[in-house]
Amino acid sequence: MADIPEPAFGAPVLMVGESHRRPKSHAFTSALIRRALHHDRCVTLALEIPVDQADTWRSLANEPEAIGSMSLPSIHDSPSLRRLLQTTARLAHQDCLKLNAIDSIPTQSIDHPGGRDFVMAEHIADLVTDDRLVIALVGSNHAPRHIDWDYDAPGQSTTFYLAERGIDAYVILQDWVETEAPRVLAGDGEAAVSAYNRLQWFRSVVPATTFTRYADRLIQWPDIGTLEFGGSE
């Protein structure tokens, strides 16, 4: 956390990209929220979960057993995500924290080339106010500032569509690699560029030659084998 500088908390949106179902990512997000609250910054947490689950999420402080009835996509659902939902619901009852889900519409019904990225950007944009930090936890595909496809693909990232609306985001990406200790990479040096290209290896994109075009920080976590599967505990 000490490697995440104060400017991250001064931006309108702090965009956190993750590989889903990773306990370290959910713990990291919780720590970001607490750090902001500790410094008297009100927070809105925006999660890539269906908007129709938001009311149940907010009710968990008073009805913790309702966590078992929440319907979460299997690609996201995990014990640590459900713990994050319960923890943030309790925090929202006692602190300056609001909770919002931002994923709602089936891709096939979105009349825009940006698909879900465009819709999630609209949801996040609606949450931005001068007196609050929006912390958005989304998949790493949605978080970079640009996607430089190596073919004619008009769709862009959630962060890109926020920028189109004039909303700046501080972008933190996360990856899980075989390393002994966490590494936080920044700048346009070879290590950061190489790490970003590794994160994008499965997509048909033009290899990056800079890192800062896409993000501000990239955290490499040493727990490559800790993917969780869905369901409440």
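Please give the calculated 222 nm ellipticity per residue for the chain, where each DSSP H segment of at least 4 residues contributes -39500 (n - 2.57) and the sum is spread over every residue; nearest 500 deg cm²/dmol? Intermediate values should be presented prior to the final figure.
On the way: 7 runs with 72 residues, N = 233.
Here the helix-only value at 222 nm equals -9000 deg cm²/dmol.
Can you find, among 27, 85, 11, the residue sitting farthest towards the positive end of the charge dipole of the stretch 1-107, where Lys and Arg contribute +1 and Asp and Glu -1 at Cβ?
Looking along the dipole axis, the top candidate is 27.
Of all accessible surface on the stretch 1-115 at a 1.4 Å probe, what whole percent is carbon and sulfur?
Percent of accessible area from carbon and sulfur atoms in the stretch 1-115: 49.
With everything on Cα atoms, drop me the angle between helix 23-38 and the longest principal axis of the chain, reported from 0 to 90° to the nearest 10.
70 degrees
Dipole size in debye (nearest 20) for the chain around its Cα centre, Lys and Arg Cβ +1, Asp and Glu Cβ -1?
400 debye
Which whole-number value in Å² is the accessible area per residue of the chain, probe 1.4 Å?
Using a 1.4 Å probe on heavy atoms only, each residue of the chain averages 46 Å².
Could you report the accessible area of residue 221 in Å², rounded to 10, computed with a 1.4 Å probe on the protein chains as they sit in the structure?
Rounded to the nearest 10, the figure is 30 Å².
Could you run the Karplus curve 6.51 cos²θ - 1.76 cosθ + 1.60 with θ = phi - 60° over the stretch 58-73 and give me ³J(HN,Hα) per residue in whole Hz, x for Gly and Pro?
For the stretch 58-73, the Karplus-derived couplings read 5, 7, 5, 4, 9, 10, x, 5, 5, 4, x, 8, 5, 9, 10, x Hz, x marking Gly and Pro.
Assign one of three labels to the stretch 89-212, namely rounded, prolate or oblate, based on the Cα gyration tensor with a ≥ b ≥ c the square roots of its eigenvalues; rounded applies when a/c is under 1.5, prolate when it is not and a/b is larger than b/c, and oblate otherwise.
Oblate.
Considering amide H positions built from the backbone, and no H for Pro or chain starts, which residues 5 or more places from residue 133, or on another chain, come under 5 Å of its amide H?
42, 43, 44
Going by a ≥ b ≥ c, the root eigenvalues of the Cα gyration tensor, does the chain fall in the rounded group (a/c under 1.5), the prolate group (a/b larger than b/c) or the oblate group?
Note, shape of the chain comes out rounded.
Could you work out how far helix 190-199 tilts from the main Cα principal axis of the chain, as a 0 to 90 degree angle to the nearest 10?
Tilt relative to the chain: about 60 degrees.
Go through the stretch 131-140 residue by residue and turn each phi into a ³J(HN,Hα) via Karplus (6.51, -1.76, 1.60, θ = phi - 60°); whole Hz please, and just put x for glycine and proline.
9, 9, 9, 8, 9, 10, 9, 9, x, 4
What whole-number distance in Å separates the alpha-carbon centres of the stretch 32-65 and the stretch 1-21?
16 Å
For the chain, modelled as a Gaussian network with Cα springs under 10 Å, which listed residue fluctuates most, 209, 29, 44?
Looking only at 209, 29, 44, the biggest GNM fluctuation is shown by 209.
Taking θ as phi - 60°, what are the ³J(HN,Hα) couplings along the stretch 5-14 by the Karplus curve (6.51, -1.76, 1.60), each to the nearest whole Hz, with x for Gly and Pro?
x, 4, x, 4, 8, x, 6, x, 10, 9
The values are calculated or read from the model by the stated rules, or taken from the named source; none is laboratory data. Just so you know, these numbers come straight off a predicted model, no measurement behind them. Note that we place each Cβ from the backbone using ideal geometry, even for glycine, and neighbour counts take in every protein chain shown. Protein only, heavy atoms only, side chains kept; ligands, DNA and RNA dropped before computing areas. Shrake-Rupley method; radii C 1.70, N 1.55, O 1.52, S 1.80 Å.
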